[in-house]
Amino acid sequence: MSDQDTISPSLAAQVLAEFEKDWRKELRRSMPVKERMKGGRRPMPQRAPGERNKDFAEVNLGLGAEEAVAEARRCLDCAKPGCIAGCPVRIDIPSFVKLVEKGEFAAAAAKVREANSLPAVCGRVCPQESQCEEKCALRKATGVAVGIGNLERFVSDYERREGGAVVSDLPPSTGRKVAVVGAGPSGMTVAGELARAGHRVTIFEALHDAGGVLVYGIPEFRLPKSILVAEISYLRRLGVEFRMNFIVGKTATIDDLRADGYEVFFIGSGAGLPNFMKVPGENLVGVYSANEYLTRVNLMRAYDFPRYDTPVFPGRRAAVIGGGNVAIDSVRTAKRLGAERALIIYRRSRVEMPARVEEVHHAEEEGIEFHFLTVPTRYIGDEHGRVKAMECLRMELGEPDASGRRRPVPVPGSEFTAEVDLVVVAIGQSPNPLIPQTTPGLKVGKWGTIDVDWETMATSLPGVYAGGDIARGGATVILAMGDARTAAAAMDRRLKQGSAG
Amino acid sequence: MPRVVRRERLVPNIHLLEVEAPEIARKCLPGQFVIVMPDAHGERIPLTIADWDRERGTVTSVFMAVGTTTRKLALLKAGDTVPIFAGPLGRPSEIGSVGTVLCAGGCFGIAAIHPLARAFKAAGNRVVILVDVKADYLLYWRDKLEAIADEFVVSSRDGLYGGTDFVPRHVRDILAREKVDRIVAVGCTYLMSSIAEATRPSGVRTMVCLNPIMVDGTGMCGACRVTVDGQTKFACVDGPDFDGHLVDWAELYARRKSYFDDEVRSLCAWEEERFP
């Protein structure tokens, strides 16, 4: 795993060179630091809670140009910026923010794209508050960081409205064939990087739409599909080929692809195996894994049933088990599908919730009820095998566990029963075993993750790399993309060494 | 997109679909399935692979037209394309040289039993094929199956094939008559559960090829979970074949019917749109 606190000497030198450019100096001089620190963050315009919780249109509307420039002015343009080290893909954040301040939005977008091939996605779904914005000097000084995520979203939306990212200066094709398994965040990043290096990249995707978790998992109201379509079209313009409905491990194995002339491989097959709690009644009708619930609604568009053929239970009283982003996405989806009451059931307390702060806040505004320190112990069905209630137990926080969070322990005698007709289990996923099972010699760790050398993301098999949730076991979009950047660099080196020798 | 080579009605409501899918044709084994989606608005459904031609690169499935998806599939013509025809999925059936194997199929399972019977025969077993039809005119692939079977038995409810009894009776008769070492059953949940019940007293290993509701078919969603021997299994990656004596049939029936009302609504909406 790349070190979260430092950036490489070469990147530091590039960042410094940008910092010392005359226009940056001028911009710094144009407004005193004290002035920049005045006033708070420009708020993200958003739709009213009572309106947006009834449909699937996007919640956040994005900053306008004037607001974006004003927000960019808040950035102090530090000599030693912390934000870059807080970013898993190492975007030169001050440079792009200062380009926004100067009004050069297209150049700002291009600057972001140097390090991040999915900026419109990351501007919307990254947990900035625990990454770049956490390290922001302004946050340390005033308590409120520069809205880096909002600015990233602004420049990438600007770029898309202006006709999309420009494909320029592609090197001559090397003709070397690269196979990427999975069209999720890590796979798309590797594909983009290696296509730009001149290699022939094919992405093999098991589902019928590209995007991985971005298309089946994250709902339209947080990440509109049109944004993903634009990013995929950019990859196609770079020359990336997509093979959809192709299940590597089943339709063809890694060895089959090698025989077809593919030289290097990236496995980004994700954490596609839902975990259940193994409590009685979990297989009752109306109890879903979050993966199934969200896939039905997002990928299969069950929210538009019967115009689309895939149904989903609307649920009158919906309970979602878990406290991560997937749980919050599920419960807000249930509300939008018409649930009168939509509850989060989480075994720890609010501060331990891994979900993005903004999503929790949005969920509360939309009328989601949070029940902390509670776990389901049993689901109760009616005569048709359909869930009608759940039995729960209250918890209290004990000593910290391995994750550093205080471990929830049951309160004896605190059982109670709640009426529910829809349950979504969102307690995490395990790595998808399809590829490890069908790839002899591929070393796998205790939890089913593929073992990698974190410096290069190389697996135990020569020429085969892996990253994202299949190596991490369940993390974020941006960490997957960071892995992908590391892997792409190593894969490019390998191909170039190979051709030299 | 995968191209339809052939789509024909075998008997009323039961259709054959042959699709160009060279990679799947090269890899598939008896007992595996494909995930099919008929059009861009469609639902993803699993269909058991009934036959394949590795040289021509085609895969054949047989299905019954019941809901929106299968009715859409039943309207396909040669030369049409389907957006999704993905596979081969699921674990292949365990085929071995065990002695005498009774292969039982009903409905679409008459076709689905075909590659299993062929593989068991090739592995040196005596193969008895039992097919279940509601009436004589619903029998298809008789020639294909008779060419494989050491003995071919038809269970029909209209009496033309010499009996009005249901398939469990035939299973019990065969078990009483000769030593059977393995039973495999493919068809509707009712057929499979009733065969499993019929063979339970004898304890003969009875494999059933389950067909729960699926979405992705690759282990990602868990829609297809079934309880087998008290453990939750995903039919798409742990199955679809399981020991019929260990399956929680009541749960499977309930889960199969999860969307019954929605399925009717979907079909009505589609019919109104297509046949106003």
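The values are calculated or read from the model by the stated rules, or taken from the named source; none is laboratory data. Please read these numbers as outputs of a predicted model, since none were measured by experiment. Here the Cβ positions follow ideal geometry from the backbone for every residue, glycine too, while neighbour counts run over all protein chains shown. The area values use the complete protein model at the heavy-atom level, side chains included, leaving out ligands, DNA and RNA. Shrake-Rupley method; radii C 1.70, N 1.55, O 1.52, S 1.80 Å.
So which pairs qualify, if the first residue must be in the range A:469-494 and on the phi > 0 side of the Ramachandran plot, the second must be part of a helix (DSSP H, G or I) and surrounded by fewer than 21 Cβ atoms within 10 Å (Cβ to Cβ), the Cβ gap must be under 6 Å, and the two must be at least 6 apart or on different chains? Note: no pairs meet the criteria.
Looking for something aromatic (Phe, Trp, Tyr), facing another protein chain (nearest Cβ under 10 Å) and either crowded, with 17+ Cβ neighbours inside 10 Å or part of a strand (DSSP E or B) (or both) - is there at least one such residue anywhere in the range B:41-61? Lay out the reasoning, then the answer.
Going through the range B:41-61, the residues aromatic (Phe, Trp, Tyr) turn out to be B:52.
Still in the running and facing another protein chain (nearest Cβ under 10 Å): none.
The answer is no, given that none of the residues of the range B:41-61 is aromatic (Phe, Trp, Tyr), facing another protein chain (nearest Cβ under 10 Å) and either crowded, with 17+ Cβ neighbours inside 10 Å or part of a strand (DSSP E or B) (or both).
Which members of the range A:76-99 meet the condition of being aliphatic (A, V, I, L, M) and out of contact with any Phe, Trp or Tyr (no Cβ under 7 Å at 6 or more places or on another chain)? Matches in the range A:76-99: A:LEU76, A:ILE84, A:ALA85, A:VAL89, A:ILE91, A:ILE93, A:VAL97, A:LEU99. Every condition in (1) assigned to a loop (DSSP other than H, G, I, E, B); (2) among the hydrophobic types (A, V, I, L, M, F, W, C); (3) open to solvent by less than 50 Å² (accessible area, probe 1.4 Å) holds for B:ILE95 except the one numbered (3).
Return the only residue of B:LEU267, B:LEU252 being within 23 Å of A:ALA302 (Cβ to Cβ), of a type in the set (A, V, I, L, M, F, W, C) and at pLDDT 95 or above.
Working: B:LEU267 fails: at pLDDT 95 or above.
Unique residue meeting the criteria: B:LEU252.
Residue pairs whose Cβ atoms lie under 8 Å apart, separated by 6 or more positions or on different chains, with the first residue in the range B:189-218 and within 14 Å of chain A (Cβ to nearest Cβ) and farther than 20 Å from B:LYS257 by Cβ and the second polar (S, T, N, Q) and open to solvent by less than 10 Å² (accessible area, probe 1.4 Å), are B:ASP216/A:THR295. Among the residues of the range A:423-444, none qualifies, meaning not one is surrounded by fewer than 22 Cβ atoms within 10 Å (Cβ to Cβ), over 22 Å from A:ALA355 (Cβ atoms) and in contact with a Phe, Trp or Tyr (Cβ under 7 Å, 6 or more places away or on another chain).
Here's the yes/no breakdown for (1) at pLDDT below 95; (2) touching a Cys at 6+ places or on another chain (Cβ under 9 Å); (3) not in a strand (DSSP E or B):
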position	(1), (2), (3)
A:GLY448	yes, no, yes
A:SER460	no, no, yes
A:TYR465	no, no, no
A:ILE478	yes, yes, yes
A:MET481	yes, yes, yes
A:MET491	no, no, yes
A:GLY498	yes, no, yes
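Screening B:ARG265 on (1) more than 8 Å from every other protein chain (Cβ to nearest Cβ); (2) more than 30 Å from B:ILE183 (Cβ to Cβ) shows it passes everything except condition (1).
Among residues of the range A:4-32 that are in a helix (DSSP H, G or I), those with a Cβ under 8 angstrom from a residue that is surrounded by 14 or more Cβ atoms within 10 Å (Cβ to Cβ) and at pLDDT below 90, sequence gap 6+ or separate chain, pair up as A:VAL15/A:ILE7.
State the number of residues belonging to the range B:233-271 that are within 23 Å of A:MET277 (Cα to Cα) and open to solvent by 70 Å² or more (accessible area, probe 1.4 Å). Adding up the residues that qualify gives 5. If only residues of the range A:355-400 that are among the aliphatic types (A, V, I, L, M), open to solvent by 10 Å² or more (accessible area, probe 1.4 Å) and over 14 Å from A:VAL331 (Cβ atoms) are counted, the one that is farthest from the other protein chains (Cβ to nearest Cβ) is A:LEU397.
Of the residues making up the range B:22-31, just one is facing chain A (nearest Cβ under 9 Å) and surrounded by 24 or more Cβ atoms within 10 Å (Cβ to Cβ), namely B:ILE24.
Looking at the range B:104-120, can you tell me whether even one residue there is surrounded by fewer than 20 Cβ atoms within 10 Å (Cβ to Cβ), away from chain A (no Cβ under 14 Å) and either over 16 Å from the mean Cα position of the chain (by Cα) or at positive phi (or both)? No, there is no match, as no residue in the range B:104-120 is surrounded by fewer than 20 Cβ atoms within 10 Å (Cβ to Cβ), away from chain A (no Cβ under 14 Å) and either over 16 Å from the mean Cα position of the chain (by Cα) or at positive phi (or both).
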